[in-house]
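Asker: Structure below; questions to follow.
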Amino acid sequence: HLKYRAFAPISLPDRRWPGVQITQAPLWLSTDLRDGNQALIEPMDPERKLRMFQMLVKIGFKEIEVGFPSASQTDFDFVRMLIEDGQIPDDVTIQVLTQARQPLIERTFESLVGAKRAVVHLYNAVAPVMRRVVLGMTEDQIVDLAVTHTAMIREMAARQPETDFRFEYSPEMFSGTELAFSKRVVDAVTEAWGPTPERKIIINLPTTVEHSTPNVFADMVEWMHRHIERRESVILSVHPHNDRGTGTAAAELALMAGADRIEGCLFGNGERTGNLDLVNIALNLYTQGVPPGLDFSDIDEVRRCVEHCNQLPVHPRHPYVGELVYTSFSGSHQDAIKKAFSARKEGDIWEIPYLPIDPKDLGRSYEAVIRVNSQSGKGGISYLLESEYGIEMPRRLQIEFSQIVQGVMDTHGKELGAADLWQIFDREYGVKQ
Ligand code: KIV
Ligand code: ZN
């Protein structure tokens with residue numbers, strides 16, 4: 001996998017270099033059908049849910065949170081449909097969320113009857129503001145709530161032996177909670193579940209709301225990574241949201257700090273400003289030479305599907321996928337890109353200025369999006385005429401012709417496409433006859 005560099009070839013004299021790097025992809029969990037869905041103006045209907053599920057499977061997700069079946073009849077029915085219609089591939093595990101209340105846990109297990117494998121995901125709030133203002137519970141009561149319901153899930157799982165159950169616990173609002181208390185709850189839950197290195201528990205640390213700079217979250221993750229009990233029997237997961245616009249940074253730093261697993265949504269859908277954008281972080285890894293194990297080779301197909309399911313548009317400047325992200329408006333950029341493309345040989349490291357990724361790797365193209373406007377220079381103009389019409393202009397002609405084009409744009413003030421350029425070229429030099 002030599003197309004992309006593992007790290008930038010720059011060294012800082014006063015720093016250890018390279019610094020900490022992410023060298024392998026994490027385990028991934030998509031929560032598009034749960035956290036993403038619950039934040040939609042119009043939650044997905046069964047048709048859209050199934051389309052999203054099938055797309056997630058096609059991309060390569062092996063763990064998919066499919067809903068909150070005790071909270072919503074639509075989610076319950078969807079889980080039943082996935083199981084009864086045999087929609088879940090053998091190598092994919094579904095995950096469902098539940099609160100720490102007996103009737104809800106019973107209903108959760110009811111939804112999972114007949115599943116081959118499932119993760120039951122229990123959460124309860126642990127932050128001081130929730131304890132004091134919302135729940136009116138002491139620290140001891142919070143620990144007791146988490147432990148009692150973990151033990152209940154363990155017991156109910158033993159009563160449905162046809163399903164291979166795993167367990168995830170989230171101390172909700174971890175990022176706003178005292179570390180010592182988070183450790184106390186997590187250790188107690190781990191003890192109550194009784195994992196082994198072969199059958200690990202998933203401990204998921206959410207930034208339910210992003211409060212701090214991403215390094216602070218990563219420091220908290222690192223502290224948990226170093227201090228929680230039975231670390232060898234724990235998959236340490238993170239679940240960043242994006243309130244400060246730093247969800248991706250928080251997730252990357254958390255991986256460097258010891259996290260094994262990442263939860264998020266495609267293109268960052270989710271509550272408020274969204275969950276971590278899984279496409280963004282996966283392709284960041286890819287452009288650093290780390291295979292993400294997720295397939296975005298037809299990213300527009302993924303975008304169309306997600307836009308249909310979520311009924312929300314993806315922004316034209318969204319990293320890697322937006323309509324404009326392979327567009328170059330600036331003449332000097334176009335010139336540099338053209339030179340780098342001409343110098344590039346098959347098998348070379350990807351080293352095209354202004355294009356951090358080869359658009360072809362995502363099923364996109366650069367050629368189609370180069371544009372000529374009043375900011376462009378001769379590079380873009382000659383590139384378009386060469387790529388679209390096979391006209392190779394000597395350098396002197398490039399300069400002369402770009403001045404003519406500039407004159408046309410000064411008069412009309414509009415953006416020109418390849419066909420317009422061809423017309424001007426034909427008018428000036430009469431190539432048609
Ligand atoms: O953001 C959050 O805290 C959650 C939990 C339920 C994991 O979505
Ligand atoms: Zn969340």
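What follows is calculated from the coordinates using simple rules that are stated; it is not laboratory data. If you're wondering where the values come from, they're calculated on a predicted model, not measured in any experiment. Cβ atoms come from the backbone with ideal geometry, glycine included; neighbour counts cover every protein chain shown.
Asker: Assuming a ≥ b ≥ c are the square roots of the Cα gyration tensor eigenvalues, decide whether region 251-301 counts as rounded (a/c under 1.5), prolate (otherwise, with a/b larger than b/c) or oblate. List each step's numbers first, then the result.
Answerer: Values: a/c = 2.27, a/b = 1.02, b/c = 2.23.
Oblate, since a/c reaches 1.5 and b/c is not below a/b.
Asker: Considering only DSSP states other than H, G, I, E and B, which trypsin sites (Lys or Arg not before Pro) in region 183-214 qualify as loop sites with at most 16 other Cβ atoms within 10 Å?
Answerer: Within region 183-214, the qualifying trypsin sites (Lys or Arg not before Pro) (loop, at most 16 other Cβ atoms within 10 Å) are R199.
Asker: Can you give me the long-range amide H partners of T273? Hydrogens built in the peptide plane at 1.01 Å from N, cutoff under 5 Å, separation of 5 or more residues or another chain.
Answerer: Result for T273 returns N242.
Asker: Right, something else. Which cross-chain or sequence-distant (5 or more) residues have an amide H under 5 Å from the amide H of V119, H modelled 1.01 Å from N in plane?
Answerer: I94, Q95, V96, R166
Asker: Have a look at A125, A250, A418 and tell me which one the Gaussian network model of the chain (Cα, springs below 10 Å) gives the largest fluctuation.
Answerer: In the Gaussian network model the winner is A418.
Asker: What FRET efficiency would be calculated for the residue pair E400, T327, taking the C-beta separation as r and a Förster radius of 25 Å, to the nearest 0.05?
Answerer: Approximately 0.40, to the nearest 0.05.
Asker: Can I ask one more? What's the center-to-center distance, using Cα atoms, between region 23-71 and region 205-281 in Å?
Answerer: Computed from Cα coordinates, the inter-centre distance equals 18 Å.
Asker: Tell me, what is the FRET efficiency for E110 and S365 to the nearest 0.05, using R0 = 56 angstrom and their Cβ-Cβ distance as r?
Answerer: On the way: r = 50 Å, r/R0 = 0.88.
Step by step, r from the Cβ atoms, then E = 0.70.
Asker: Using only Cα atoms and rounding to the nearest 10 degrees, what angle (0 to 90) does helix 139-158 make with the longest principal axis of the chain?
Answerer: So the helix axis and the longest Cα principal axis differ by about 90 degrees.
Asker: Would you calculate the separation in nanometres between label points at R5 and D300, each defined as 7 Å from the Cα along the Cα-to-beta-carbon direction?
Answerer: 3.1 nm
Asker: By how many degrees, between 0 and 90 and to the nearest 10, does the Cα long axis of helix 179-193 differ from the longest principal axis of the chain?
Answerer: Roughly 60 degrees, rounded to the nearest 10.
Asker: Using the basic label-point model (7 angstrom from Cα toward the beta carbon), what is the T411 to E229 distance in nanometres?
Answerer: 8.3 nm
Asker: For region 305-410, what does the alpha-carbon gyration tensor say about shape, rounded, prolate or oblate, given a ≥ b ≥ c as the root eigenvalues, a/c under 1.5 as rounded, and a/b over b/c as prolate?
Answerer: Taking the square roots of the gyration eigenvalues as a ≥ b ≥ c, region 305-410 is oblate.
Asker: Another question, if that's okay. So, counting K/R as plus one and D/E as minus one, what does the shell of residues with Cβ under 14 Å around P69 add up to?
Answerer: -1
Asker: Another question, if that's okay. Packing-wise, with mean Cβ within 10 Å as the measure, how do 404-413, 271-280, 340-349 rank, highest first?
Answerer: On the way: 404-413: 13.4, 271-280: 22.4, 340-349: 9.9.
Ranked from most to least packed, the peptides come out as 271-280, 404-413, 340-349.
Asker: At 7 Å along the Cα-to-beta-carbon direction for both V209 and Q102, put a label point, then send me their distance in nm to one decimal.
Answerer: 3.3 nm
Asker: Where does helix 73-84 land angle-wise versus the long Cα axis of the chain, in degrees 0 to 90, nearest 10?
Answerer: Computed tilt is about 90 degrees.
Asker: Round to a whole angstrom and tell me the spacing of the C-alpha centers of region 313-364 and region 146-192.
Answerer: Going from one Cα centre to the other spans 46 Å.
Asker: Something else: Please label the shape of the chain as rounded, prolate or oblate, based on the square roots a ≥ b ≥ c of the eigenvalues of the alpha-carbon gyration tensor (a/c under 1.5 means rounded; beyond that, a/b larger than b/c means prolate, else oblate).
Answerer: Because a/c hits 1.5 or more and a/b exceeds b/c, the chain counts as prolate.
Asker: Still on this structure, I have one more. Through the Karplus equation 6.51 cos²θ - 1.76 cosθ + 1.60, θ set to phi - 60°, convert the phi angles of region 392-399 into ³J(HN,Hα) values in whole Hz; use x for Gly and Pro.
Answerer: These are the phi-based 3J(HN,Hα) values: 9, 8, x, 4, 4, 5, 4, 5 Hz.
Asker: Suppose only helical runs count, i.e. DSSP H with n ≥ 4. What mean residue ellipticity at 222 nm does that imply for the chain under -39500 (n - 2.57) per run, divided by all residues and rounded to the nearest 500 deg cm²/dmol?
Answerer: -12500 deg cm²/dmol
Asker: Using C-alpha positions alone, give me the convex hull volume of region 95-242 per residue in cubic angstrom.
Answerer: Per-residue hull volume (Cα only) is 105 Å³.
Asker: Suppose the Debye formula is applied to equal point scatterers at every Cα of region 11-156; what is log10 I(q)/I(0) at q = 0.09, 0.12, 0.13, 0.21 Å⁻¹?
Answerer: These q points yield log10 I(q)/I(0) values of -0.38, -0.61, -0.69, -1.26.
Asker: Exposure proxy check: H239, H227, H121 ranked by fewest other beta carbons within 10 Å?
Answerer: H227, H121, H239
Asker: Quick one: 3J(HN,Hα) in Hz for region 29-45, Karplus 6.51/-1.76/1.60 with θ = phi - 60°, rounded, Gly and Pro as x.
Answerer: Residue by residue, region 29-45 yields 10, 8, 10, 4, 7, 10, 5, x, 5, 5, 9, 7, 4, 10, x, 5, 7 Hz.
Asker: Can I ask one more? Relative contact order (percent) for the chain, with alpha-carbon contacts under 8 angstrom and 6 or more residues of separation?
Answerer: After rounding, I find 15 percent.
Asker: Here is a further query. How far, in nm, would the chain grow between R51 and R427 when pulled straight, counting 0.36 nm per residue and subtracting the alpha carbon separation?
Answerer: Full-extension gain reported as 130.2 nm.
Asker: Quick one: dipole size for the chain, taken about the Cα centre, charges +1 on Lys/Arg Cβ and -1 on Asp/Glu Cβ, in debye to the nearest 20.
Answerer: Its charge dipole is roughly 760 debye.
Asker: Please rank Y169, Y123, Y429, Y320, fewest neighbouring Cβ atoms within 10 Å first, as an exposure proxy. Present the calculation step by step, with values, prior to reporting the outcome.
Answerer: Numbers: Y169 27, Y123 21, Y429 14, Y320 24.
Least to most surrounded, the residues fall as Y429, Y123, Y320, Y169.
Asker: Set the Förster distance to 35 Å, then compute FRET efficiency between Y354 and V133 from the Cβ-Cβ distance, nearest 0.05.
Answerer: 0.10
Asker: Around A218, under 13 Å between beta carbons, what's the net of Lys plus Arg minus Asp minus Glu among the other residues?
Answerer: -3
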